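No value in this document is a laboratory result; all are computed from the given coordinates. No experiment lies behind these values; they were computed from the predicted model shown. Here Cβ is always computed from backbone atoms with ideal geometry, including for glycine, and neighbour counts include all displayed protein chains.
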Amino acid sequence: MCGIIGIAGINNENVVNHIISGLEKLEYRGYDSAGIAVVQEGRIEKLRAVGKLQNLKTKLKNNPLSGGIGIGHTRWATHGKPTENNAHPIASEGVAVVHNGIIENYKELKFDLQKDGFIFETETDTEAIAHLLQREVNNGLSPRQAFQKVLGLIEGSYAIAAIFSSFPDVMMAARHRSPLAVGFGKYVCLGSDVSSISAICSDVVYLEDGEWVEIAHGRASFFDKNSNPIKPTKQKISDDLINTGKGEYAHYMLKEIMEQPSAIRRTILYNRIGGEIFHNVSRILILACGTSYYAGMVAKYWFEKFLKIPTDVEIASEYRYRTPIIGPNTLAIAITQSGETIDTLEALEYVRKNSNSKVAAVANVKNSAISRVSDFVFYTEAGVEIGVASTKAFTAQLVILAGIAFRNHEFLTREFQNLPSICEEALDLCDDIKGLAPKISTANSAIYLGRGPLYPIALEGALKLKEISYIHAEGFAAGEMKHGPIALIDDDIPVICLCPHNELFEKTASNIQVALARGKNIIIFTDLSGSELLPPETTKIILPRIHTEFTPIMYAIPLQLLAYYVALLRGADVDKPRNLAKSVTVE
Ligand code: G6P
């Protein structure tokens with residue numbers, strides 16, 4: 001959700017190309033607009049463009065910028081339409097700012113600043129930060145003093161970086177509830193994620209909430225939330241944080257779908273689930289958003305069946321705004337790819353404030369905010385996920401959750417070892433799945449049906465289709481269809497059913513018959529023995545046989561491929577679907 005970058009060079013060497021390369025890595029965080037600002041001969045020079053980064057690059061060709069210090073931004077619009085005027089960097093007279101987050105008290109700040117004669121030219125909350133800094137610099141404060149003062153005035157969530165025309169060797173940055181890393185190599189850099197700076201940095205410091213940094217003349221000085229100097233430890237940037245590009249694939253999403261067997265293999269290998277997290281636990285509370293929430297829904301089936309612990313799954317953004325009762329001996333588990341989703345983070349804080357519960361996280365991004373506030377962390381070893389629609393991170397989350405559920409069931413633990421190769425077999429069906437895409441790509445709407453732990457997979461399949469192809473799609477518990485959704489079925493609507501030959505097969509097969517009596521575009525994902533018993537007038541994809549408890553993981557994969565190929569046929573931008581962002585750090 002907005003990506004920011006900053007680079008302080010040495011000997012006034014031009015850093016513009018490095019900023020653009022960093023923005024390329026950050027584009028997954030937002031692509032409503034992009035912009036860059038540098039200090040050039042004592043002036044702030046900026047260039048911004050609406051839409052994807054490519055538009056900024058084209059503009060830069062005709063209007064080259066050069067500067068030894070600079071900041072860049074990719075925007076996911078919150079305050080103000082995605083226009084060039086609202087694009088970051090946002091400048092006051094001699095200050096330019098990039099910001100990820102929301103300044104909640106910007107209206108009051110704006111009112112004050114207007115009284116002081118500042119004219120607001122954008123609809124953004126960020127403009128208040130630029131003018132506040134300008135006001136303090138005009139009052140004679142140094143960038144460090146001005147920044148410290150302004151941090152005391154703003155409320156909300158932010159990662160900010162600022163440069164100053166009169167201090168061409170200084171860059172200031174702060175973090176509060178939006179991620180920001182400070183990288184060290186030939187240059188000192190700032191980045192919303194480590195991938196964006198890994199090409200030019202070898203070590204990194206992750207700012208904690210409230211911390212801020214002054215980068216002056218190539219040296220970084222760090223301060224805590226009370227503005228006391230601190231000396232955080234630098235960490236080596238590890239390879240698994242680096243985005244290695246799309247390789248031979250047309251899209252990150254396809255690459256990430258194809259990487260699932262290895263992501264699953266690594267996740268199984270690196271996670272040993274010890275018994276200590278269940279010490280005194282009589283209830284589990286799962287908090288998550290989006291795709292991660294569906295992973296939580298699957299886990300509920302597994303946890304109650306195998307751990308025999310009652311489990312609630314809650315949408316984090318709802319949970320924190322009601323007055324939920326947290327019973328004694330509850331273990332809270334946050335599931336999150338990014339580890340930064342503000343709703344999930346806030347829901348965990350609610351748990352912290354209102355109970356003595358231990359908190360565990362299932363996260364993909366190491367050192368992310370949620371992993372840092374948790375008592376136990378299980379990292380999915382999916383590697384960097386760039387496609388906005390989550391794929392490999394989702395199946396890796398399921399692997400961790402299954403590992404928790406099955407940990408005392410030796411047979412299932414052994415079966416785990418077969419999962420990666422069976423997923424490979426499922427991926428081998430990609431041409432068959434591609435062949436299904438025309439059956440869906442012209443539809444206005446699609447229905448996904450599943451039972452048991454495949455019900456959340458139906459929801460996730462529908463979400464994938466919505467996210468990247470913009471076809472309206474809904475997932476339903478197959479048994480619920482007769483209570484309303486059946487009214488939607490006609491010959492045109494694709495009905496996509498998940499129907500492995502398991503203990504619920506007969507029930508789902510009857511639901512399929514009911515759908516077939518009313519529509520003719522019925523597509524079924526099943527296995528060989530199921531396919532022989534299902535109506536011939538349906539379209540079937542025969543998936544490899546797998547132990548029934550692992551079907552949610554394997555059945556997610558063909559649904560990802562299906563959404564991908566449908567989106568391709570519709571000419572959609574698969575990796576950067578409209579209006580979405582990968583990491584959502586606003587409420
Ligand atoms: C965004 C992404 C989704 C993701 C959700 C939760 O909406 O577009 O793909 O599932 O956030 O993200 P998290 O990082 O917490 O899993």
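Listed values, structure above:
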| read-out | value |
| --- | --- |
| Exposure proxy order (Cβ contacts within 10 Å, fewest to most) of PHE303, PHE147 | PHE303, PHE147 |
| Cα centroid of the range 342-379 to Cα centroid of the range 142-193, whole Å | 25 Å |
| Distance (nanometres) between label positions extended 7 Å along Cα→Cβ at ILE325 and ASN105 | 3.7 nm |
| Degrees between helix 53-62 axis and first principal axis of the chain (Cα, 0 to 90, nearest 10) | 40 degrees |
| Segments 136-144, 199-207 sorted - mean Cβ within 10 Å per residue, highest first | 199-207, 136-144 |
| Least to most buried among PHE167, PHE476 (fewest other Cβ within 10 Å first) | PHE167, PHE476 |
| Distant-in-sequence amide H partners of LEU331 (H built 1.01 Å from N, under 5 Å) | SER282, ARG283, ILE284, LEU285 |
| The range 3-241 shape via C-alpha gyration tensor axes, a/c threshold 1.5 | rounded |
| Long-range amide H partners of LEU180 with built H, under 5 Å | LEU207 |
| GLY67 long-range amide H proximity, modeled H, under 5 Å | VAL15, VAL16 |
| Residue order, fewest to most beta carbons within 10 Å, for LEU401, LEU427 | LEU427, LEU401 |
| Cα gyration tensor, the range 205-345 - rounded (a/c under 1.5), prolate or oblate | oblate |
| Global geometry of the range 244-417, whether rounded, prolate or oblate, following the gyration tensor of its Cα atoms and the 1.5 cut on a/c | oblate |
| In Hz, Karplus ³J(HN,Hα) per residue of the range 249-256 (6.51, -1.76, 1.60; θ = phi - 60°; x = Gly, Pro) | 8, 6, 9, 4, 4, 5, 4, 6 |
| Mean-position separation - Cα centroids, the range 433-465 and the range 20-67, in angstrom | 38 Å |
| With Cα atoms, 0 to 90° folded angle of helix 505-516 axis to the chain main axis | 80 degrees |
| Pairs of Cα atoms farther than 32 Å apart, the chain, % | 48 percent |
| Residue-wise HN-Hα coupling along the range 149-154, computed from phi with Karplus coefficients 6.51, -1.76, 1.60 (Hz; x: Gly, Pro) | 5, 5, 4, x, 9, 8 |
| MRE, 222 nm, helices only [DSSP H, n ≥ 4, -39500 (n - 2.57), over the chain, to nearest 500] | -10000 deg cm²/dmol |
| 0 to 90° range, to nearest 10: angle between helix 392-405 axis and the chain longest Cα axis | 60 degrees |
| Cα centroid separation - the range 262-333 against the range 476-533, whole Å | 29 Å |
